[in-house]
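*Asks:* Okay, here's the structure, questions in a sec.
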Amino acid sequence: MIWQGFLLGLSTGVFCLGYCAPVFVPYVLAEARPQLGTSLGLVGQFLLGRLAAYALFGLAAGYLGLWVGGSLPRWVIALSLVVLSLLLILYALAQNLPRPGLCRFVKGHSARMPPVLGFLTGINPCPPFLLAAAYVFEGADPLDGVLLFLAFFLGTSLYMLPLALVGLLSRYEQIREVARLTAIIVGVVFLLMGISYLLP
Amino acid sequence: MQLSQALQDDAIRKEMIAMGLLSVVVVLGVSLWMAIPWWIALPVLMIYLVAYPILATVLTRARIQLARRVLLMTWGIYIWLGLCVVAVLVRGTTAYTPEVARRTVGTAICTMGGLWVVAGWIGSQQIVFRTTMMAFWSVFVTWLGLALFLGRGWCGWFCYLGVAPGLASLVGSWGRLGRWRRRFARRWLDPIRKNELSPRFGYLRHAVLLSAVLLTGWLATPVFCYICPIRVLFDQWEIRYDTLTLVTVSTGVFLFLTSMVVGPLLTGKRIWCAYLCPLGSATSFIAWLRARLNWQPTAARIDAAKCQECLSCVRACEFNLISPRAISQNVTEGRDVTVGSECTACGDCLAACSQEAIELVRVRTPQLVGGVSWTNPRVQKENPPGVELAGYGPGQVRTLPYVRQVAFVLLLAFFVFYTVFLLKTYVPLFGVR
């Protein structure tokens, strides 16, 4: 089970990169973090958030054995998208508008954002995630579910590490500006998607 | 400059001979590749050989912007009309709905679509744009090649996606739009017309590109196409009454009206191209790369000794690349000001300057946002006053030979072979469909 999960993660990890990049890239570029170590730390925290989401999902999926439609309920995905989008927008605004109360609050807590972003991204099912879930549904064992998702996480995480290199570009003010605007645009798109999922 | 005068210039004469040879190679190569009969290829070659000296004469005048506008607009309109004709003949409509997508091979991909194909392939290993590989390669490689060769000369000289804002800004720059303009001018339009907006607006198109690339990779669908304002002209959306469609289509129409029609009409600026276009952003990046590699782009330089700080060049630049702040900070202290790699080499500022203080020179100033990292200590250092830049000194022919050459060859090649393609495809006399 562990081996299967790891191989699945290795073979489909590029998809995960494509799914996490829109959230993580604007975040890591929006503030000056010229050291590679800092960026690696952020990637680590982001991955921890994903790990928590995967473990939780693996446990739940394995425990329930069968999940309706083989996926999370629609409203959970929609809510996670809405929260994710609001966090991204507020974070980007907080970099330029430090005074208003909410923005100041977000800026003060921005160091805690990577795990939250990782968790919210983690519970948004991408194709490899659903594939891993399908294995767990078949097994219908909570422990196996958690183990498979842990191994799957390890396999996919290898592809996430290069994201730390992107952080090196944040030394340029122009790129930070572009990243903040990007965070707002991506946030608005997520918000629209989330709202459209919530509507009947 | 008359043709006889032009021919007396050694450089122009050599250039004409080189272009004649290049024309022969291009025509023969394409004719062999596309199996075009000799009785079509020969007249094409004749057109090349006769038209080039005439066009070169027109373009060696200082008022190159007129020729540029005519070429760009004619090319753009020709492409749009051609695409519409092909779409109507092949699929019966210019709209691109899911039903049309099901029963046809795909759509004529636009240059921007090439970016999304690459992004989707990298992000999700899927071909996100339903089109043929031939169409993809032809538009994408053409853009990439021209951007590598010309930098942002692509935007100023070739981009057919900028036809609508180009036409509108042209009409806007003639402008006596009277009450409408006056009413909105002071508050909304003057900051754009005088290029006094916050530099953040300059970063917007880069953010549009980055977010579109990331989201295309994530969703495995060309996200930008859902709100692309150019779809008002071609590949129109299917209107469905669900929230997402209504939001995306209204956004596209809104962007078209504001940034491509009304905005340019009222300001004389290509607002779409200056602030929003993701393709322009990708082209800027390539131009920046060129400058970093010391492939010197052609850009406008303002001679501090002649400049009267009237700012007519600021108002004339459709892309808002000339910063009034840079002029006031540098010219008063006697420093020349040079637009960096962002310059589209359109020549509008040359024509607008009554003092003849602007010329097109080759520079080494990487730049990603117009009017911001704009002052030129590096250029000053590399090209100190008094050193004449090769072939472009004051009083010499004020034009940009390589743009002229490429413009000529490619535009003519496109006109001719696109026509041949249409004829061969749809007129039985010329071929079989």
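*Asks:* Dimensions of segment B:190-283 along principal axes (Cα, Å, largest first)?
*Replies:* Per principal axis, max minus min of the Cα coordinates gives 40, 26, 21 Å.
*Asks:* Continuing with this model, one more query. Quick one: order B:W174, B:W237 by neighbouring beta-carbon count within 10 Å, fewest to most.
*Replies:* Going from least to most buried by this count: B:W174, B:W237.
*Asks:* Further, regarding this structure: Starting with the fewest neighbours, write out B:L244, A:L8, B:L161 ranked by other beta-carbon atoms found within 10 Å of each beta-carbon.
*Replies:* Going from sparsest to densest Cβ surroundings: B:L244, A:L8, B:L161.
*Asks:* Scaled to the compact-protein estimate 2.2 N^0.38 Å, what is the alpha-carbon radius of gyration of segment B:254-305, rounded to two decimal places?
*Replies:* Taking the Cα Rg and dividing by 2.2 N^0.38 Å, one obtains 1.51.
*Asks:* Hey, another quick one. Test of understanding: express the Cα radius of gyration of segment B:100-295 as a ratio to 2.2 N^0.38 Å, with N the residue count.
*Replies:* 1.08
FYI, it's all coordinate maths here, none of it is from the lab. Owing to the predicted nature of the structure, the values given are computational and were not obtained by experimental measurement. For neighbour counting, all protein chains shown are included, and Cβ atoms are generated from backbone atoms with ideal geometry for every residue, glycine included.
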